[in-house]
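Computed from the coordinates by the stated procedures, all read-outs in this text should not be read as laboratory data. A quick note: this is a predicted structure, and the numbers were derived from the prediction, not measured. Counting neighbours? That spans all protein chains shown, and the Cβs are built from the backbone with ideal geometry, glycine included.
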Amino acid sequence: MKKFTNVADIGNLKEAVAEALEVKKNRFAWTELGRNKTLLMIFFNSSLRTRLSTQKAAMNLGMNVMVLDVNQGAWKLETERGVVMDGDKAEHLLEAIPVMGSYCDIIGVRSFAGLKNKAEDYEERVIEQFIRYSGRPVFSMEAATGHPLQSFADLITIEEHKTVARPKVVLTWAPHPKALPQAVPNSFAEWMNAADYELVVTHPKGYELDPRFVRPEQIEYDQRKAFEGADFIYAKNWSAFADENYGAVLSTDRDWTVDAEKMALTNNAYFMHCLPVRRNMIVTDDVIESERSLVIPEAANREISAQVVIKRLLENL
Ligand code: AN0
Ligand code: CP
C-alpha cells in the first residue's frame, strides 16, 4: 500500500478484516518492522482517539512517533499558491510539506473540511498536496471528505458482533448544534457498500450526501421506518452537502435523537457512534450506556485499524 485515503486503497476487505483480527490477537508480533522508522502525525484539527490510537499502533510496530499540532506552536501556514504573503501566515505549505517529509518515513494527516468552499474540500486539496510533495506514504487521519481509519474500525467492530452474513446497517443523521463535515458518513457509507451489507441511510430532507457514496435508493426519510429490523444503528451528524447550502445546519430537531423508543423498533440493534458524541442531542444517556452500545469497543478498534494500515505502509517502504 502506497497511501490510504479511501476504501479502494485497502483492497480486499475480507483479507483486511482477517489481518486486523490477527493483529488484534498479537499486536506486538511486528516490532522489528517499524524499528528505526519514524511516523509523523500532523494535526490541523483537534483529536482524542485518532491521536492516541494511531500513536499506540505505531508504537506496537516498533516505530518512533512525532506529533505536530500545526495550529499550536508551528508557523501559521498558507495553503493557496500565488498569494502575496503579507498577512499573518509566515510559511507556505509548499515548503512545509517537503521539510516535514525529510524528517520521517510515513505521514498521517488530519485536515477537516473547511465547509466554506465545496470544490476545495471535495478536491481534498490539503491531503493531496501532502501526497504529491512529501515524498512519503501518506494516510488520512480524517481529511475533508473521508475518515477511512474510522470506517475500517467500524467494519472490524461489525464483523466481530454480527450474527447474520449480511446485516442491516442503518446510518442515521442526528442533531448537533454546530456544522460538522460529511467525512465520517461519506466513508461509513463507502465502506458498508464495499462490504456489501444492507445499508439504509436516514436523514431529514436536505441532508442528502454525495451520490458517489450514498445511492438515492438507499435513502429512507422516515427514521422510524428505517430503524425497523436494523441490526446496527450508526448515528452521526453532518452538515448539508448540496451546492446551494453547502456546510449549513438545516435542522437541530431533537425528534431525530436516537432514543430507547426508536431502538425498540430494531432487531435488538447495536448502537454505534465514532465519538466524540453530544449526549441527549445525538443519543440519549440510556441508549449510549446500554449493553447494546458498542462505542467503546469501536473506539478501541481504532488502534487495530491504524496498525493494519501503518503495517502495510511499512511493508511497502
Ligand atoms: C468531527 C466530525 O464530525 O468530522 C470528528 C469526528 C471523528 N466531529 C466533531 O468535530 C465533533
Ligand atoms: N473518532 C475520532 O476520530 O475521534 P477523534 O476526533 O477524537 O480523533
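Greater than 28 Å separation of Cα atoms is the criterion. Which listed pairs, Lys178/Lys205; Lys178/Lys262; Lys3/Lys225; Lys116/Lys225; Lys3/Lys168; Lys3/Lys25, meet it?
Over 28 Å apart, Cα to Cα: Lys3/Lys225; Lys116/Lys225; Lys3/Lys168.
About the Cα centre of the chain, what is the dipole size in debye to 20, counting +1 per Lys and Arg Cβ and -1 per Asp and Glu Cβ, all else neutral?
Roughly 740 debye for the chain.
So if we plug the beta-carbon distance of Asn26 and Ala260 into 1/(1 + (r/R0)^6) with R0 = 35 Å, what FRET efficiency do we get, rounded to 0.05?
0.35
Percentage of Cα-Cα pair distances in the stretch 213-311 greater than 18 Å, rounded to whole percent?
That fraction is 56 percent.
Can you tell me the relative contact order of the stretch 41-119? Whole percent, Cα pairs under 8 Å, sequence separation 6 or more.
Dividing the mean separation by the residue count of the stretch 41-119 yields 38 percent.
Name the most mobile residue of Val138, Val83, Val70, meaning the one with the largest mean-square fluctuation, in a Gaussian network model of the chain with Cα contacts below 10 Å.
Greatest mean-square fluctuation among the candidates belongs to Val83.
Under a GNM of the chain (C-alpha, springs under 10 Å), which listed residue has the highest mean-square fluctuation: Val99, Val84, Val169?
Comparing Val99, Val84, Val169 in a Gaussian network model of the chain, the most mobile one is Val84.
Over the stretch 150-298, what is the relative contact order in percent, taking alpha-carbon pairs closer than 8 angstrom and at least six residues apart? Write out the running numbers ahead of the final one.
Numbers: 277 pairs, mean separation 41.3, N = 149.
So the answer I get is 28 percent.
Can you work out ³J(HN,Hα) from phi for every residue in the stretch 242-254, in order, using Karplus 6.51 cos²θ - 1.76 cosθ + 1.60 and θ = phi - 60°, giving whole Hz and x for Gly and Pro?
4, 3, 6, 9, 3, x, 7, 8, 8, 7, 10, 5, 6
Pairs of Cα atoms under 8 Å, at least six residues apart: use those to get the relative contact order of the chain, whole percent.
Computed value for the chain: 20 percent relative contact order.
What is the calculated FRET efficiency for Lys14 to Glu289, with r their C-beta to C-beta distance and R₀ = 25 Å, to the nearest 0.05?
0.15
Arranged from highest to lowest average of other beta-carbon atoms within 10 Å per residue, in what order do the peptides 303-310, 62-69, 210-217 appear?
Values: 303-310: 25.9, 62-69: 16.4, 210-217: 13.9.
Ranking, from highest mean packing down: 303-310, 62-69, 210-217.
Taking +1 at the Cβ of each Lys and Arg and -1 at the Cβ of each Asp and Glu, which of Leu52, Ile282, Thr257 sits farthest along the dipole of the chain towards its positive end, judged by Cα position relative to the Cα centre?
Going by the Cα projections, it comes out as Leu52.
For the stretch 150-298, report the % of Cα-Cα distances exceeding 27 Å.
Details: 1276 of 11026 pairs.
Everything past 27 Å amounts to 12 percent.
What is the order of Arg49, Arg278, fewest Cβ neighbours within 10 Å to most?
Going from sparsest to densest Cβ surroundings: Arg278, Arg49.
Could you give log10 I(q)/I(0) at q = 0.06, 0.12, 0.13, 0.16 Å⁻¹ for the chain, computed by the Debye formula over C-alpha point scatterers of equal weight, without solvent?
Normalising to I(0) and taking log10 leaves -0.20, -0.81, -0.95, -1.35.
How large is the charge dipole for the stretch 150-298, taken about the Cα centre, if only the Cβ atoms of Lys, Arg (+1) and Asp, Glu (-1) carry charge, to the nearest 20 debye?
Rounded to the nearest 20 debye, it is 160 debye.
Could you work out how far apart the two model spin labels at Asp196 and Thr38 are, taking each label as a point 7 Å from the Cα in the direction of the beta carbon, and quote it in nm?
It works out to 4.5 nm between the two label points.
Report the extension gain between Arg166 and Lys2 in nm, rounded to one decimal, defined as 0.36 nm multiplied by the number of residues separating them, less their alpha carbon distance.
Working it through step by step, the gained length comes to 56.0 nm.
As an exercise, use a Förster radius of 22 Å and the Cβ-Cβ distance of Gln72 and Tyr103 to find the FRET efficiency, rounded to the nearest 0.05.
About 0.75, to the nearest 0.05.
Quick one: the Cα spread of the stretch 109-181 along its three principal axes, in angstroms, biggest first?
Sorted largest first, the three principal extents are 45, 34, 17 Å.
Show me the three semi-axes of the equivalent ellipsoid for the stretch 1-80, from the C-alpha gyration tensor (sqrt of 5 times each eigenvalue), largest first, rounded to whole Å.
Gyration-tensor ellipsoid for the stretch 1-80: 27, 17, 12 Å.
Non-local amide H neighbours of Val67 (under 5 Å, H modeled in plane, Pro and chain starts lacking H): which ones?
Met41
To one decimal place, what Kirkwood hydrodynamic radius in Å is obtained for the stretch 1-136 from all pairs of distinct Cα atoms?
Evaluated over the stretch 1-136, this radius sits at 16.7 Å.
Taking Lys14 as the anchor, which aspartates and glutamates have their alpha carbon closer than 17 Å to its alpha carbon, excluding any fewer than eight residues away along the same chain?
Within the straight-line limit of under 17 Å, Lys14 reaches these aspartates and glutamates: Glu22, Asp154, Glu159, Glu160, Glu190, Asp196, Glu198.
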